[in-house]
């Protein structure tokens, strides 16, 4: 009968906003603690450390959750979305890691890599094409 229903651009966008809010709260708290530990003269160092921690946490957040049994981050779960391989299987941690870092390419080209999800047949963004993944309605 019908194939999978793909998660469209706006659903994915809202899921990303939810995930960003969650991550920013956690990173803010960690950055605050790191900043306190560096004292008044460690401002620039604290910013660099917070940035590295933020990227690391974001990578782990997305890769562990998207490769989990649920196949989705908290934002995607809230909207009934799931990340699968191009042929409909659960993604591995390695593929989820590749997908996460491919998002930097999607972003650096003026977000065109993300916008592609609104216009491609299976609603795939550039990072989905690179990692051979799809986002479907669960």
Seminar exercise, completed: residue 111 meets each of (1) farther than 14 Å from residue 125 by Cα; (2) free of Cβ contacts under 8 Å to residues at least 60 places away in the same chain; (3) surrounded by fewer than 17 Cβ atoms within 10 Å (Cβ to Cβ) with one exception, condition (1)
Exercise. Which number in (1) in a loop (DSSP other than H, G, I, E, B); (2) in contact with a strand residue (DSSP E or B) (Cβ under 6 Å, 6 or more places away or on another chain) marks the one condition that residue 82 misses?
Worked result: (1)
Problem set entry | Candidate set from the stretch 15-32 (those that are touching a residue at least 24 places away in the same chain (Cβ under 8 Å) and more than 12 Å from the chain's Cα centre (by Cα)); member that is surrounded by the most Cβ atoms within 10 Å (Cβ to Cβ) | 27
For this session: Can you give me the number of residues within the stretch 12-51 that are modelled with pLDDT of 90 or more and farther than 30 Å from residue 119 by Cβ?
Result: 2
Exercise. Which ones in the stretch 86-134 are farther than 23 Å from residue 56 by Cα and touching a helix residue (DSSP H, G or I) at 6+ places or on another chain (Cβ under 7 Å)?
Worked result: 116, 117, 118, 123, 124, 134
For this session: Look through the stretch 66-81, keep the residues that are touching a helix residue (DSSP H, G or I) at 6+ places or on another chain (Cβ under 7 Å) and without any contact (Cβ under 8 Å) to a residue 60 or more places away in the chain, and return whichever of them is farthest from residue 18 (Cα to Cα).
Result: 67
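The values are calculated or read from the model by the stated rules, or taken from the named source; none is laboratory data. Note that this is a predicted model, so its numbers are computed, not measured. Neighbour counts are summed over all protein chains in view; Cβ atoms, including those assigned to glycine, are modelled from backbone coordinates with ideal geometry.
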